[in-house]
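Report on the following structure.
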Amino acid sequence: MGSLHGLLSFCFVLVLVLSSNHLTAKAHKKPTNQIKVEADFKIIAELAGNNAIPNADFKGLAKLALTKAISNGNVICQRVNSLLLKRSDMYTTRSLTGCSTNYKDAVGLINKSLAALDAKKYDDAKTCITDALANSTKCEDRFEELLQRNSPFTFMKAKFGLLCLTGLKHINLLVQKERLITEGCSQTLDKELCISTVGFFLENKGLGLHGLAKLAVEKALQDGTRIHNHISVLLKTTSDKCVLKKLKSCSAFYLTAIGKMKASLPALDCNRYGDASTWVGAAIGSAETCEGVFAGKSNKISPLTPMKIEFSKQVSVSLVVIKKLAGN
């Protein structure tokens with residue numbers, strides 16, 4: 001993406017566009033607020049270009065390690081069960097039975113840790129992993145206590161433990177990364193916007209401008225399609241005729257937005273950045289028109305508003321990157 005100075009300038013422009021609609025009302029006729037907004041832009045730009053904040057996908061790495069730990073734990077369970085089918089002495093059978101329970105519980109705990117990780121309940125995720133490790137150790141302890149020897153799964157247990165510890169390490173790094181971003185954004189006017197904007201750049205720091213543009217458009221296209229699908233569900237479940245009429249209008253508007261986002265992709269591939277910018281900009285207009293349909297004179301909030309906000313942010317990211325490409 002070029003020099004650090006270039007990245008900071010790019011981030012500054014991105015945040016400016018993303019924040020314009022949200023902050024205009026707050027900053028209007030309030031010079032003090034406007035000064036505050038400008039200070040926020042600088043904070044976000046500095047965070048996005050801060051090399052001290054790693055851009056590694058720690059959540060993805062943690063999930064990968066934990067998924068492998070589950071597979072490894074299941075293999076151990078199968079090995080335990082195969083040995084239980086063989087004739088053994090009382091202590092060996094007791095030890096194997098205990099190990100079977102231990103590893104089944106361990107696998108269940110790792111599955112719970114993945115769910116907690118997705119829910120951003122990091123302490124719960126770490127507790128589940130620690131308890132899973134303790135269960136695998138219980139198996140070894142039982143063989144040592146009853147038979148004064150290592151279990152047949154010692155080496156397999158070592159691999160299971162390493163995968164669990166790797167998952168723990170990456171969760172700790174994820175927590176540290178999110179803390180740095182959150183602390184950096186703590187003094188901004190729109191903390192959520194700051195965190196999401198910085199996160200987008202850090203996650204995709206290795207991409208060039210063209211790659212960033214395509215990624216942003218594709219993500220916006222996914223968001224728009226998700227909203228259109230949601231509208232289709234609401235059309236089947238809503239009985240209010242007035243709401244149905246508005247939903248039908250919104251369905252058409254989002255279908256138009258999706259079409260415009262799709263049209264921007266071949267334009268990008270052909271370096272027709274002006275055309276791509278026009279298509280993407282029009283997509284934002286379609287989403288806003290849907291909101292206007294629901295608001296009407298009563299100024300009611302659309303049931304699609306939360307999803308629309310995310311869509312608009314992603315479309316705005318696309319627009320800024322494309323305009324930056326056009327200016328190069």
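In table form, for the structure just shown:
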read-out: Chain lengthening between Val233 and Ala263 when straightened (0.36 nm per residue, less Cα-Cα); value: 8.2 nm
read-out: Carbon + sulfur, % of accessible area of segment 104-185 - ligands and nucleic acids excluded, 1.4 Å; value: 54 percent
read-out: FRET efficiency estimate (nearest 0.05) - Cβ-Cβ, Thr97 to Ala295, R0 56 angstrom; value: 0.30
read-out: More than 24 Å apart - percent of Cα-Cα pairs taken over segment 191-328; value: 34 percent
read-out: Area accessible to solvent at Met90, 1.4 Å probe radius, in Å²; value: 120 Å²
read-out: Gained length - Leu180 relative to Glu46, 0.36 nm times residue gap less alpha-carbon distance; value: 47.0 nm
read-out: Rounded accessible area per residue of segment 138-278, 1.4 Å, Å²; value: 52 Å²
read-out: Length released on extending from Asn81 to Leu255, taking residue separation times 0.36 nm less the Cα-Cα span; value: 57.2 nm
read-out: Descending Cα extents along the principal axes, segment 112-250, whole Å; value: 75, 41, 31
read-out: Segment 94-124-segment 197-267 distance, computed between alpha-carbon centres (Å); value: 37 Å
read-out: Fraction of accessible area attributable to carbon and sulfur, segment 232-328 (%, probe 1.4 Å); value: 59 percent
read-out: Over 28 Å between alpha carbons, listed pairs Lys214/Lys236; Lys68/Lys121; Lys126/Lys313; Lys112/Lys214; value: Lys214/Lys236; Lys126/Lys313; Lys112/Lys214
read-out: Estimated FRET transfer efficiency when R0 is 35 angstrom, pair Thr278-Ala56 (beta carbons, to 0.05); value: 0.45
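The values are calculated or read from the model by the stated rules, or taken from the named source; none is laboratory data. Just so we're clear, the structure is a prediction, and the values are computed from it rather than from any experiment. Here Cβ is always computed from backbone atoms with ideal geometry, including for glycine, and neighbour counts include all displayed protein chains. For the accessible areas, the whole protein counts, side chains as well, though only heavy atoms, and no ligand, DNA or RNA atoms are used. Shrake-Rupley method; radii C 1.70, N 1.55, O 1.52, S 1.80 Å.
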